[in-house]
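Worksheet: one structure, shown below.
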Amino acid sequence: MDVEISPFDDCYWDIRGSSKLLTYIGPPLEKTLEPSAVRRFVHTKNAWGAMWSYDHDYTEQGSWYRCVCDIIDYDIKNIESKNARHNVKRSLERCTFRKVDYQWLADAGYEVYVQASSRYKNFKVESQDVFKSKMLKNSNIPGAEAFGVFVDGKLVAYITLFICGQSVRGDIAHFDPAYSSSYPMFALYYNVTHHYLKADAYKEVDRGSRPLMHETNIDDFLLRLGYRKRYCRLGLYLAMPVRVVLSIARIFRKLYSHILPCRYCAILDGLLLAQDIAEETADK
């Protein structure tokens, strides 16, 4: 029997980057959130807005999705790509996978985080103190778990997750590109997916929603490992000042891309895209 949740529990929300946009990371929502309740919640958090996914699998194609794996007894045989199976086997030979403690990761994970961040455009790297503070905060959230991948005893990749009922939600995953030849992300995601779907019999592992703020090929990578795109609707609430700024930005879109720093352009582009997707996928 499913347990009824309160979608506005603090543990189901996270702030992405420095944009102060609250993102829902809790169990799947069947219906959208009530606008006035979202507005009050955003105000109490001194945030700029909030976004959430709902009505999962409402269509077979769309502009918004979450990348999930829900294969019962997931194993290497479920990976259709011959090349992906080969890379998984190679990664399992070269890497060691094990569960890690958040408090340990708060110190040991920063180097991997910094090295991984060098791969992204328009990515603002957090200070070590901020990184550590977030890890320690997450360690107190019920259902928070983390895993690491090691090469010759050195941490080269990690993932943080939150267990919400029968769903395992991926939070953050990074790897050190200097160790790409060991295929650490294959070892990381294959082992995590196998662990939760086969060994622990959870219903799904949810990597997260379509990226808005920076380029990444993570979903294409996971599709090769047996994941799928679960098309859903996007709920979005933005405070009035943000909506005004975006209205102006939409008019002068070509102009601001030549004036503002790349990171701010990426934030504006991401929010404008979110507005378009929310309108397109709205349950009308």
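The values are calculated or read from the model by the stated rules, or taken from the named source; none is laboratory data. Remember, it's a predicted structure, so these values are computed and weren't measured experimentally. Note: ideal-geometry Cβ built from the backbone for every residue, glycine included; neighbour counts use all protein chains shown.
Miscellaneous remarks
Here's the yes/no breakdown for (1) modelled with pLDDT of 95 or more; (2) assigned by TED's automatic domain parsing to the domain that holds residue 272; (3) within 29 Å of residue 126 (Cα to Cα):
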site: 5; (1), (2), (3): no, no, no
site: 14; (1), (2), (3): no, yes, yes
site: 17; (1), (2), (3): no, yes, yes
site: 21; (1), (2), (3): no, yes, yes
site: 27; (1), (2), (3): no, yes, yes
site: 48; (1), (2), (3): no, yes, yes
site: 53; (1), (2), (3): yes, yes, yes
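- In the range 257-278, the condition of being surrounded by fewer than 16 Cβ atoms within 10 Å (Cβ to Cβ) and among the aromatic types (Phe, Trp, Tyr) is met by at least one residue.
- Selection within the range 146-170 - over 13 Å from residue 106 (Cα atoms) and buried (at least 18 other Cβ atoms within 10 Å of the Cβ): 149, 150, 151, 156, 157, 161, 162, 164, 167, 168, 169, 170
- Matching residues in the range 128-155 - criterion: being part of a loop (DSSP other than H, G, I, E, B) and at pLDDT below 90: 139, 140, 141, 142, 143
- Taking the criterion of being of a type in the set (S, T, N, Q) and either free of Cβ contacts under 8 Å to residues at least 40 places away in the same chain or within 17 Å of residue 149 (Cα to Cα) (or both), the residues of the range 84-132 that qualify are 87, 91, 96, 103, 115, 127, 128.
- Scanning the range 61-74 turns up no residue that is in contact (Cβ under 8 Å) with a residue 60 or more places away in the chain, in a helix (DSSP H, G or I) and not polar (S, T, N, Q).
- The range 24-60 - residue that is touching a residue at least 12 places away in the same chain (Cβ under 8 Å), part of a helix (DSSP H, G or I) and of a type in the set (Val, Ile, Thr) and, of those, surrounded by the fewest Cβ atoms within 10 Å (Cβ to Cβ): 42
- Elements of type helices (runs of 4 or more DSSP H) contained in the range 188-268, each with 3 or more residues being farther than 22 Å from residue 61 by Cβ: 240-251, 253-256
- Within the option set 238, 197, 234, 225, being under 30 Å from residue 272 (Cβ atoms), within 19 Å of the chain's Cα centre (by Cα) and crowded, with 19+ Cβ neighbours inside 10 Å holds for one residue only, 234.
- Among the residues of this structure, residue 171 counts as one that is closer than 22 Å to residue 65 by Cβ, out of contact with any His (no Cβ under 7 Å at 6 or more places or on another chain) and not in a helix (DSSP H, G or I).
- Close pairs (6 angstrom Cβ cut-off, 6 or more residues apart or separate chains): within 23 Å of residue 87 (Cβ to Cβ) in the range 183-210, part of a helix (DSSP H, G or I) and of a type in the set (D, E, K, R) anywhere: 183/90
- Residue match in the range 257-270 (condition: of a type in the set (S, T, N, Q), within 27 Å of residue 47 (Cα to Cα) and touching a residue at least 60 places away in the same chain (Cβ under 8 Å)): no
- If the condition is being assigned to a helix (DSSP H, G or I), over 21 Å from residue 162 (Cβ atoms) and in contact with a Ser or Thr (Cβ under 8 Å, 6 or more places away or on another chain), then the range 91-116 contributes 91, 94.
- From the list 230, 207, the one residue that fits, being of a type in the set (Lys, Arg) and within 22 Å of residue 120 (Cα to Cα), is 207.
- So residue 158, is it hydroxyl-bearing (Ser, Thr, Tyr) and in a strand (DSSP E or B): yes
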